[in-house]
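Here is the structure we will look at.
The values are calculated or read from the model by the stated rules, or taken from the named source; none is laboratory data. Just so you know, these numbers come straight off a predicted model, no measurement behind them. Here the Cβ positions follow ideal geometry from the backbone for every residue, glycine too, while neighbour counts run over all protein chains shown.
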């Protein structure tokens, strides 16, 4: 399958990327709003749990267009965040990020991925279902501002 975002270069996130990463997250009301310190912890190689943080650069413009973060607790991982800049959405970039992340997770001996998503976040739910995630439960009134349920999902790699 040819990627819809052919100019994407997937690479590891670095501290130098954090201004753009935070800008993308802040532009998405559904995305977790982590403070810079949380990203720095995610990038630290000795942090517990260990995390894999990837981002997608547009190789033509050099601009970061999206990113993904997963925490590892082998044999499982939690997809903590996948976010794509509004100008780069609906072109397969989130799927490319996830496929790259899944390859790294398998190398780390992770064979299952869990996540939680707002019940009203239909674009994310559609993406996760297309990737093969299945709903495993709900956490009622889990999110605040606005209050809504979290849908729990799982994928076997």
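For every residue, the table says whether it meets (1) free of Cβ contacts under 8 Å to residues at least 60 places away in the same chain; (2) on the phi > 0 side of the Ramachandran plot.
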| site | (1), (2) |
| --- | --- |
| 92 | no, yes |
| 97 | no, no |
| 103 | yes, no |
| 107 | yes, no |
| 111 | yes, no |
| 127 | yes, no |
| 138 | yes, no |
| 141 | yes, yes |
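Restricting region 31-44 to residues that are in a loop (DSSP other than H, G, I, E, B) and either at positive phi or surrounded by 13 or more Cβ atoms within 10 Å (Cβ to Cβ) (or both), the residue that is modelled with the highest pLDDT is 34. In region 65-88, the condition of being part of a helix (DSSP H, G or I), within 15 Å of the chain's Cα centre (by Cα), surrounded by 14 or more Cβ atoms within 10 Å (Cβ to Cβ) and modelled with pLDDT under 95 is met by at least one residue.
All conditions in (1) touching a strand residue (DSSP E or B) at 6+ places or on another chain (Cβ under 8 Å); (2) under 24 Å from residue 150 (Cα atoms) hold for residue 99, with the sole exception of (1). Of the listed requirements (1) without any contact (Cβ under 8 Å) to a residue 24 or more places away in the chain; (2) assigned to a helix (DSSP H, G or I), residue 47 misses just one: (2). When residue 100 is tested against (1) within 12 Å of the chain's Cα centre (by Cα); (2) surrounded by 20 or more Cβ atoms within 10 Å (Cβ to Cβ), only condition (2) is not met. Residues that are in contact with a strand residue (DSSP E or B) (Cβ under 8 Å, 6 or more places away or on another chain), outside any strand (DSSP E or B) and under 22 Å from residue 75 (Cβ atoms) within region 102-157 comprise 102, 104, 105, 108, 110, 111, 128, 131, 132, 133, 157, listed in sequence order.
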